[in-house]
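Since the structure comes first, as structure tokens, the remarks are kept for the end.
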Amino acid sequence: MIEVKNINKKYKAKVLENLSLTAEKGECIGILGANGCGKTTLLEIMSGSRKPDSGVITVAGKNALKSKGLFSEYIGYVPQENPLIGELSVKDNLRLWFNGSKKELNSVINEGIVKRLGLAELKDRRADKLSGGMKRRLSIAIALLPSPPVLILDEPTTALDLKLKADIRSILKAYLQSGGTIIMSTHDEGDLKLCTRLMLLKGGKLLELDKNITQGELLRLL
């Protein structure tokens with residue numbers, strides 16, 4: 001479904017070096033690594049929000065770097081930082097990313113993913129008045145609105161309480177069961193249980209890890 005091949009990215013020093021990764025339908029790949037190792041840069045590149053210095057990104061068999069609009073068509077992205085426009089309401093933030101009619105949007109809010117995420121009753125509230133957990137829910141709702149085949153998440157449950165984490169994981173589990181593909185950076189044990197594969201980003205390259213790796217073993221590798 002999505003493949004990155006020989007990706008390179010350099011700032012003052014090399015962050016990603018000839019990095020390759022393939023994610024298939026129904027897979028959940030967890031990207032682990034020390035702070036500053038390049039996880040966010042990798043996810044930004046895979047989501048189309050940052051360009052690599054070189055390499056190829058293939059989405060649904062097409063070169064995404066040469067096909068305008070392919071990233072937005074196939075990939076939903078939830079960055080680590082809040083992407084919402086604070087002065088707009090929940091509904092208006094959703095409307096910015098929704099391609100359907102007003103009637104269809106109202107249906108999504110009152111019956112679909114927005115309601116399931118507990119945001120329907122907050123549709124008229126300004127985004128900057130939401131709690132941190134609700135902002136994260138709204139970001140995930142926006143990413144899921146177009147029903148993308150691939151979902152890219154940067155630390156999706158960081159700083160959330162246990163109930164919010166459980167709610168989000170339930171939605172992500174259902175998304176995987178429906179055939180979606182998830183690539184996420186995380187160190188949260190609950191998130192890792194969703195993953196079908198684990199990868200360690202170190203020295204600009206990815207190393208496949210044993211799915212049953214212990215925390216102690218992981219710490220020695222970081």
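The values are calculated or read from the model by the stated rules, or taken from the named source; none is laboratory data. A quick note: this is a predicted structure, and the numbers were derived from the prediction, not measured. Neighbour counts are summed over all protein chains in view; Cβ atoms, including those assigned to glycine, are modelled from backbone coordinates with ideal geometry. Accessible surface areas use protein heavy atoms only, side chains included; no ligands, DNA or RNA. Shrake-Rupley method; radii C 1.70, N 1.55, O 1.52, S 1.80 Å.
See the values below:
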read-out	value
Cα-only radius of gyration and Dmax that characterise region 122-222, units Å	15.2, 48
Table column - 3J(HN,Hα) (Hz), region 76-83, Karplus curve with 6.51, -1.76, 1.60, x for Gly and Pro	x, 10, 10, x, 5, 7, 5, x
Scattering curve values for region 53-116, log₁₀ I(q)/I(0), Debye with Cα scatterers, q = 0.20 Å⁻¹	-0.95
Quotient of Cα Rg and 2.2 N^0.38 Å for region 18-93, N being how many residues it contains	1.26
Dipole of the chain, positive end: most advanced residue of PRO83, ILE182, LEU192 [Cβ charges, Cα centre]	PRO83
Theoretical FRET efficiency, 1/(1+(r/R0)^6), r = Cβ-Cβ of GLN215 and GLN80, R0 22 Å, to 0.05	0.50
Net charge dipole size for region 127-207 [Lys, Arg +1 and Asp, Glu -1 on Cβ; Debye, nearest 20]	100
Bins of 5 Å from zero: percent of alpha-carbon pairs in region 162-211	4, 17, 28, 23, 15, 9, 4, 0
Mean accessible surface per residue for region 1-149, computed with a 1.4 Å probe while every protein chain stays in place, in Å²	53
Charged-residue dipole, Cβ positions (Lys, Arg, Asp, Glu), the chain about Cα centre, Debye nearest 20	380
222 nm mean residue ellipticity, helices alone, for the chain (DSSP H n ≥ 4; -39,500 (n - 2.57); rounded to 500)	-10000 deg cm²/dmol
Charge sum, other residues only, whose C-beta stays under 12 Å from ASP53's C-beta, Lys/Arg counted +1 and Asp/Glu -1	+4
Kirkwood Rh in Å, taken over region 82-133 so that all alpha-carbon pairs contribute	11.1
Region 109-176 shape via C-alpha gyration tensor axes, a/c threshold 1.5	oblate
Aspartates and glutamates with Cα under 18 Å of LYS202, excluding same-chain neighbours fewer than 8 positions away	GLU17, GLU44, ASP154, GLU155, ASP210, GLU217
Positive-end residue of MET134, PRO148, SER170, charge dipole of region 126-184 with Cβ unit charges	MET134
Gain upon complete extension [ASN99, ALA13; 0.36 nm per residue less C-alpha separation]	27.0 nm
At q = 0.13, 0.14, 0.16 Å⁻¹, base-10 log of I(q)/I(0) for the chain (Debye sum, equal scatterers on each alpha carbon)	-0.76, -0.88, -1.13
Semi-axes of the equivalent ellipsoid for region 1-48, Cα gyration tensor, largest first, Å	20, 13, 9
